[in-house]
There are 2 protein chains.
Amino acid sequence: MLRPMTISLKPSQALSLWHQVSLSEVRDTAPDLTMRQAAILLTIYLDPPPHTVRGLAEHLGVTKPVITRALDTMGTMKLVTRHRDPRDRRNVVIARTVEGALYLERFADVIIAKAAALPR
Amino acid sequence: MLRPMTISLKPSQALSLWHQVSLSEVRDTAPDLTMRQAAILLTIYLDPPPHTVRGLAEHLGVTKPVITRALDTMGTMKLVTRHRDPRDRRNVVIARTVEGALYLERFADVIIAKAAALPR
DNA sequence: GCATATTGAAACGGTCCCGTAACGTTTCCA
DNA sequence: TGGAAACGTTACGGGACCGTTTCAATATGC
């Protein structure tokens, strides 16, 4: 049964969804990400590669050190990895990890569950 | 035309929605909230009052100073106000503001727009 | 009345993130 | 070949948040 419909939310549903997902993350003892880190991580996993520090900085509208530091933190969490680009050794290409994919998979499950439980 | 259906998202849609909304907030020059602050603000505006520091702390599973500090910050942003409870002057009741309502209204609009633009 | 409990806030030390500026490395090009 | 440009990182000072502990004010109960 296909439902080729755009997803339309009422304001109360939109806020409730964000509320429930945020609560899940806050209550969770898991290490949580800042809004910027989340945006960076999602860009890396959802937008087509390759990803560079400069490209991410432009895409998010932030400075390069912000990206470098976020990658430091998320690298420690094993959510992303970095390698020098052999073709242009000035560049650093950011790659996904298994742990990062699992992290986002679990996160998507939370969003889906909360969306399904939303009052009509 | 009514659509009394539960909202069902595919994993890619769930992550894409969070991605797009996060990007909007990051790119915005507006002051953004931490995940905890957002959870507190949404609880205040979506759950029935009255709200106290202790109640919010229990609800989110964090310590009271976390709530006090978040209220300090969001109070400076005029998103919430605090008053002593005249019936029990140990309590502080947290109240909504016009600015806070507008902030969340605008936030809901972003979520709704991104949800509507989601690929099927 | 007085000790105890409760509430929210303040103090303290530590950690992380921020923006700006400077830096080392690598590439480009005149 | 040598200077300029591009890339990512590091350094620096400042600010925000954290958890724990302590505190002042208020309420409760013997």
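A few remarks follow.
- If R0 equals 51 Å, the separation of the Cβ atoms of A:T6 and A:M77 corresponds to a calculated FRET efficiency of about 0.90.
- Pair B:T29, B:A101: separation of 7 Å Cα→Cβ label points (nm): 2.8
- Against chain B, whose longest principal axis comes from its Cα atoms, helix B:35-46 is set at around 80 degrees.
- Candidates A:D88, A:D47, A:D28, ranked by Gaussian network fluctuation over chain A, Cα under 10 Å, top entry: A:D88
- Other residues whose C-beta falls under 13 angstrom from the C-beta of A:M74 contribute a net charge of +2, scoring Lys and Arg +1 and Asp and Glu -1.
- Label-point spacing for A:D28 across the identical copies (point 7 Å from Cα in the Cβ direction), in nm and ascending order: 2.3.
- For the segment B:55-68, counting C-beta atoms of other chains within 10 Å of every residue's C-beta and taking the mean gives 1.
- Counting only residues at least eight positions apart within a chain, or on another chain, the lysines with an alpha carbon under 26 Å from that of A:K78 are A:K64, B:K10.
- Debye intensity ratio I(q)/I(0), log10, the stretch B:4-63, q values 0.27 Å⁻¹ (C-alpha model): -1.02
- Other-copy label distances relative to A:E105, 7 angstrom Cα-Cβ extension, nm: 4.3
- Anchor B:K114: aspartates and glutamates whose Cα lies under 17 Å away (excluding residues fewer than 8 positions away in-chain): A:D47, B:E25, B:D28, B:E105
- Averaging 1/r over each pair of different alpha-carbon atoms in the protein assembly as shown and inverting the result gives 19.4 Å, the Kirkwood hydrodynamic radius.
- What separates the A:R82 label point from its copies, with the point 7 Å along Cα to Cβ, is 4.0 nm, written shortest first.
- The residues B:R106, A:R96, B:R87, when put in order of fewest to most other Cβ atoms within 10 Å, stand as B:R87, B:R106, A:R96.
- Each part reduced to its alpha carbon centroid, the stretch B:101-115 and the stretch A:48-99 end up 30 Å apart.
- For the stretch A:34-116, the fraction of alpha-carbon pairs in successive 5 Å shells from zero, as %: 3, 14, 26, 25, 17, 9, 5, 2, 1, 0
Bear in mind these aren't lab numbers, they're just calculated from the coordinates by the rules spelled out. Remember, it's a predicted structure, so these values are computed and weren't measured experimentally. Cβ atoms come from the backbone with ideal geometry, glycine included; neighbour counts cover every protein chain shown.
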